[in-house]
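Taking it in order: structure first as structure tokens, then the write-up.
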Amino acid sequence: MTLIKSISGIRGTIGGTIGEGLNPLDIVRFTAAYAMHIRDNKQTASTTIVVGRDARISGEMVDQVVTGTLLGMGFDVVNIGLATTPTTELAVVMEKAAGGIILTASHNPRQWNALKLLNERGEFLNAAQGEDVLQRAADESFLFPEVDQLGKLSRKDYTQAHIQSVLDLELVDVDAIRKAGFTVAIDCVNSVGGIVLPALLEALGVKQVEKLYCEPNGQFPHNPEPLPEHLTGIASLMKSGKADVGFVVDPDVDRLAIICEDGTMFGEEYTLVAVADYVLSQTPGNTVSNLSSTRALRDVTGSYGMEYHAAAVGEVNVVTRMKETNAVIGGEGNGGVIYPASHYGRDALVGIALFLTHLARKAVTVSELRKTYPEYYISKNKKELSADINVDEVLQRLADTFAHYEVNTIDGVKIDFPNGWVHLRKSNTEPIIRIYSEAGSMEEANALANQVIALI
């Protein structure tokens, strides 16, 4: 059993003893801590919390415990049922709620679930707010109201409202998509994407949808992280020539992977690059991604005469940097597109609509579009260290060693070489350094990583 507590929420495997797995008592404790945090740090007069969940097998159990606890803490609950992460984020804003809880373990396997915590803007809590929740959960100094102050429960469906908000975006061209007559294949890993993606594509005017794993029953047919090695089913479908483009989402639909018409991977790193290319062609402005994301976004941004900015790894850090730099588009290299014209959260629905508009207006195949972007390869490695090594000291020495290059230390150490980069980050839970590198070929990327690893 595993239970991981962090500033972004609590996640773990279902079951186990108290404090060692995600079980009802730990769910109650953490939910009550969040409710106390919202009550004592109110940014709005609202007493409403929105709750939404993905289709995991454990979802109904976790949902009932969370909802009951919030009612017991005196909060009204708008339960939106099976809903994507971005749907829940938007629902918080539409309800003018005090916050929200998303019940999803994102790309983790079926035995996992999690509580992801939102503020009144439908955005993830920042580090200080998350630490406050963790401390309250540890102290267990909860104050539960009496019977007349218990909250009230209502149920709503925000799926169509989310879809309509996508259709209303100025840069989404439904007429162009309809005229293109696309056939689109989707793999929704038997979670909530199976509810929303077919409805979205129909609303966008897609001619035909080839569906894989669209039954929202939580029985993931393959590892739910949308990586190439897990997407053999949709790759085979695409190779048969049945569709113009394939889209794959994770269980909570905040990450988007794209498959070319010939069954090759567009590259999860390039989801954001392609969408940013389209947005920048229509709306000049800055861009942001995290330090471990592809350099291609910087290149594309520069081609429009705009500025690229890097953020520490983590969605909340990317959002903060986007606000600081007035970025018109941003996100993460894991297929996470954040488009402020919609909201400050990763949203695969927005990514799909903008990508299809881009593809329709370009009038090229997906593989042809992919060839228009700079070609980079990322190598992911890690180095185990003995427990007595001071990791921060190692990172500082590396930063000093490569000081004649561009070095960024906001999140570990990132060294920008002329032909690529290396990003080193320490793990918070074990004595290892994660080493990501990127260059124009995998051989070059590995060589850059090995150069730094040798010094470690």
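If you keep only loop residues by DSSP, which trypsin sites (Lys or Arg not before Pro) in the stretch 133-198 have at most 12 other Cβ atoms within 10 Å of their Cβ? Mind dumping the intermediate values first?
Working: sites: ARG136, LYS152, ARG155, LYS156, ARG178, LYS179; in loops: LYS152, LYS156.
Counting only loop positions with at most 12 other Cβ atoms within 10 Å, the trypsin sites (Lys or Arg not before Pro) in the stretch 133-198 are LYS152.
Ranked highest first by average number of other Cβ atoms within 10 Å, how do 182-188, 286-292, 248-254 line up?
Numbers: 182-188: 23.0, 286-292: 25.0, 248-254: 30.7.
In descending order of packing, they fall as 248-254, 286-292, 182-188.
Couplings 3J(HN,Hα) of the stretch 233-245, computed from phi: x, 6, 5, 5, 4, 5, 5, 6, x, 7, 9, 7, 7 Hz, in residue order, whole Hz [Karplus 6.51 cos²θ - 1.76 cosθ + 1.60, θ = phi - 60°; x for Gly and Pro].
Ranking ILE7, HIS107, ALA45 by Cα position along the charge dipole of the stretch 3-157, where only Lys, Arg, Asp and Glu carry charges on their C-beta atoms, puts HIS107 farthest toward the positive end. Which pairs, out of LYS156/LYS211; LYS383/LYS426; LYS116/LYS323, put more than 19 Å between their alpha-carbon atoms? In this structure, LYS156/LYS211; LYS116/LYS323 lie more than 19 Å apart at Cα.
Given the peptides 94-103, 302-311, arrange them by the average over their residues of other C-beta atoms within 10 Å, most packed first.
94-103, 302-311
Packing around the peptides 364-372, 217-225, taken as the average count of other Cβ atoms within 10 Å per residue, puts them in this order, highest first: 217-225, 364-372. I'd like the antiparallel share, as a percent to the nearest 5, of DSSP beta bridges with both residues in the chain. Bridges in the chain are about 60 percent antiparallel.
Between ILE57 and GLU406, the FRET efficiency from the beta-carbon distance, with R0 = 56 Å, is close to 0.75.
For n ≥ 4 DSSP H runs only, could you compute -39500 (n - 2.57) per run for the chain, divide by its residues and tell me the 222 nm figure to the nearest 500?
The helix-only estimate for the chain comes to -11000 deg cm²/dmol at 222 nm.
Phi angles of the stretch 277-290 translate, via the Karplus equation with coefficients 6.51, -1.76, 1.60 and θ = phi - 60°, into HN-Hα couplings of 4, 5, 4, 5, 5, 10, 9, x, x, 7, 10, 9, 9, 7 Hz per residue; Gly and Pro are given as x. Only one of the values (1) 43, 24, 19; (2) 34, 30, 20; (3) 87, 24, 17 was calculated from this structure for semi-axes √(5λ) of the Cα gyration tensor in Å; name its label. Looking at semi-axes √(5λ) of the Cα gyration tensor in Å for this model, the match is (2).
No lab work stands behind these numbers, since they all come straight from the coordinates. The structure displayed is predicted, hence computed values, not measured ones. Because the Cβ atoms are built from the backbone with ideal geometry, glycine has one as well, and the counts that use them run over all protein chains shown.
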